[in-house]
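Inspection log for the structure reproduced underneath, given as structure tokens.
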Amino acid sequence: MPLHMPGSAPGRPWEAVRARLEREGHVVVTATWGEWLSAALTAPALRPLLGRDWQRYRRTENAVARYRFVTSRMLVKHTAAAVLDSDPAALELAYRIGGRPFLRGFDQLDVSLSHTGDLLVVAVSRTGRIGVDAEPVDREIPFGVLGRRMCTPAEAAPLAGLTPERQARVLLRLWTLKEAYTKALGQGMRLGFTEFGFGDDGAPATADGSPAPGGDWTFSTHPVLDGRYLVSTACQDTGLDPARDLTARTMLDPQFTGAVRTARHLEPGGPPRRAL
């Protein structure tokens, strides 16, 4: 089950986040943007916390979109900081082509983000790629309109005989699983949803329903926020058994951090900045 984090204050909840990642190799964290809004609006160091996202935050005119953006980035950085034993403001969130976020300088930690309605979801993994997707359970996905465009033939055949209510539930599960998987792969909508599928047990399958090769992926789906949303996760285990100690001081190259620390202290036009 995902861990719910209702605020940014330090303490035991964040220790649980780190413990979950150390034990299972990945962790999924949920929150609502309303729970984090006061922390965002009152944070004296919001600009350095957002880093390069500061200008995007200021340019977003719609208030709800702006608040969702800032709180989601805060949740990403606080979650990553919990497992890295670092200051959230010391982490730089960057984006690959297509918008997939990553932590600059920490390639050993993969990150995924999803938000819908008032829900924020962040997933991080130390074992390989990870993707997460969330949708409200009352989202209408008509089988006649979308079902045959997002389902493999093996998935569509049994769906046709279900009631509309049951169809909607199954389609929502499949939709979030496929979104999570394609996000983990960095493909987005470029990978057709009719090209791969999932069985009733959540195992990946080919278009004809045969078990798909590649046993290094696990998939899960959970209801969150009193069942109002469905969250699906696709997590890869490369089998490389990376170090469980993910603190920033063990992950960053000493020469690199030394150079960054020196550059920050020698930066012209002001007093020395705080080192990493």
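The values are calculated or read from the model by the stated rules, or taken from the named source; none is laboratory data. Note that the structure is a prediction, hence the values are computed from the model and not measured. Neighbour counts are summed over all protein chains in view; Cβ atoms, including those assigned to glycine, are modelled from backbone coordinates with ideal geometry. Side chains included, ligands, DNA and RNA excluded: accessible areas come from the protein's heavy atoms. Shrake-Rupley method; radii C 1.70, N 1.55, O 1.52, S 1.80 Å.
Given the condition hydroxyl-bearing (S, T, Y) and touching a helix residue (DSSP H, G or I) at 6+ places or on another chain (Cβ under 9 Å), answer yes or no: does some residue in the stretch 145-165 qualify?
So far as the stretch 145-165 goes, yes, one or more of its residues are hydroxyl-bearing (S, T, Y) and touching a helix residue (DSSP H, G or I) at 6+ places or on another chain (Cβ under 9 Å).
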Residues within the stretch 112-129 that are surrounded by fewer than 24 Cβ atoms within 10 Å (Cβ to Cβ) and touching a Phe, Trp or Tyr at 6+ places or on another chain (Cβ under 8 Å), tallied
5
Only one of (1) charged (D, E, K, R); (2) crowded, with 17+ Cβ neighbours inside 10 Å; (3) free of Cβ contacts under 8 Å to residues at least 12 places away in the same chain is not met by R59, so which one is it?
(2)
I need the full set of residues from the stretch 130-151 which are in contact with a Phe, Trp or Tyr (Cβ under 9 Å, 6 or more places away or on another chain) and open to solvent by 20 Å² or more (accessible area, probe 1.4 Å), in order please.
E135, P136, V137, R139, L146, R149
Name every residue in the stretch 82-98 that is among the small types (G, A, S) and open to solvent by less than 40 Å² (accessible area, probe 1.4 Å), in order of residue number.
A82, S86, A89, A90, A94
What number of residues in the stretch 9-18 are farther than 25 Å from T116 by Cβ, open to solvent by less than 50 Å² (accessible area, probe 1.4 Å) and assigned to a helix (DSSP H, G or I)?
0
Restricting to the stretch 1-17, what's the tally of residues that are touching a residue at least 40 places away in the same chain (Cβ under 8 Å) and either under 14 Å from the mean Cα position of the chain (by Cα) or within 21 Å of G131 (Cβ to Cβ) (or both)?
5
Look at L21 and say whether it is among the hydrophobic types (A, V, I, L, M, F, W, C), open to solvent by 60 Å² or more (accessible area, probe 1.4 Å) and farther than 12 Å from S72 by Cα.
no
